[in-house]
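J.: I am attaching a structure below and will ask some questions about it afterwards.
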Amino acid sequence: MDKLAKRLRGDADQIDVVISPELDDRIRASIEGVKQDSSAPTADRRPASFWWASSLTGVAATLAVIGIVNLTGPEPETATTEPPAPSFAMPQFDWKPQTAMLTETLEQELEDIQSDLKKAEQAVKEDFDEVL
């Protein structure tokens with residue numbers, strides 16, 4: 001972070017800007033135009049009755065909504081139906097799982113599988129090259 005800060009400071013030091021008198025006058029006018037005028041009258045505060053009126057209106061609206069919701073009554077219970085049968089036929093497989101019988105060490109089996117995967121990948125690449 002120190003290198004970035006040093007580089008930013010160095011870049012900032014290299015900036016050479018000449019501000020014309022017209023631009024300087026416009027900037028000063030903008031700054032002075034934004035300053036608050038202390039002689040301007042402040043807005044009058046509203047009396048506490050406005051706060052009470054808005055609070056009571058909110059409470060009345062809330063009670064009205066609660067009353068309307070409670071008067072409508074519970075929703076009628078819907079009859080439960082069976083889910084529709086799937087529109088496609090799922091093939092049924094007769095799985096006969098068997099315990100794997102390893103003839104070599106796990107490391108050798110892994111190497112054999114990786115070799116088979118590389119051969120299959122190469123065959124797929126060759127097929128794509130033929131198609132293209």
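Rule-based calculations on the coordinates, nothing more; no lab input. Just so you know, these numbers come straight off a predicted model, no measurement behind them. Heads up, the Cβs are rebuilt from the backbone with ideal geometry, glycines too, and the neighbour counts pull from every protein chain shown.
J.: Local charge sum around E111 (other residues, Cβ-Cβ under 14 Å, Lys/Arg +1, Asp/Glu -1)?
T.: Details: positive: K118, K119; negative: E104, E107, E109, D112, D116.
Combined, the nearby Lys, Arg, Asp and Glu give -3.
J.: Using the 10 angstrom Cβ neighbour count as an exposure proxy, how do S54, S49 rank, fewest first?
T.: Details: S54 11, S49 8.
Lowest to highest Cβ neighbour count: S49, S54.
J.: Moving on to the next point. Give me the net charge for the shell around A5: Cβ to Cβ below 14 angstrom, other residues only, Lys and Arg +1, Asp and Glu -1. Walk me through the numbers before you get to the answer.
T.: Values: positive: K3, K6, R7, R9; negative: D2, D11, D13.
Its environment carries a net charge of +1.
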